[in-house]
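All of the numbers you see were taken from the coordinates with simple rules; none came from a lab. What you see is a predicted model; the values in this text were computed from it and never measured. Because the Cβ atoms are built from the backbone with ideal geometry, glycine has one as well, and the counts that use them run over all protein chains shown.
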Amino acid sequence: MTPRTMEPMETFDPAEPALLHDQLNDEIMPWIGEQPEEWRRLAQKRSEGVVAFEGHLFDGWAEPLGG
């Protein structure tokens, strides 16, 4: 289940740093914004706002600590 403080993946900007919730492993992973082209090319939207990317199932994102 996506933590309540997370934003929906539909609003995620892959060019910006973020913290992503990996539903598959129930863990938070840092995203530093260095792969926006790869994200746009390879990310696959799944049902209910879940995005598959490089073996992860991301279902929410948040601003990194410190903004």
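Data table
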quantity: Residue satisfying all of: in region 18-58; aromatic (Phe, Trp, Tyr) and within 18 Å of residue 5 (Cβ to Cβ); surrounded by the fewest Cβ atoms within 10 Å (Cβ to Cβ) among these; calculated: 31
quantity: Per-region count, region 1-53, residues closer than 22 Å to residue 65 by Cα, among the aliphatic types (A, V, I, L, M), part of a loop (DSSP other than H, G, I, E, B) and in contact with a strand residue (DSSP E or B) (Cβ under 6 Å, 6 or more places away or on another chain); calculated: 1
quantity: Residue count for region 54-67, restricted to those that are farther than 17 Å from residue 17 by Cβ and in contact with a strand residue (DSSP E or B) (Cβ under 8 Å, 6 or more places away or on another chain); calculated: 2
quantity: First in region 5-31 and of a type in the set (Gly, Ala, Ser), second anywhere and buried (at least 17 other Cβ atoms within 10 Å of the Cβ) and assigned to a loop (DSSP other than H, G, I, E, B), Cβ under 8 Å, 6 or more apart; calculated: 18/12
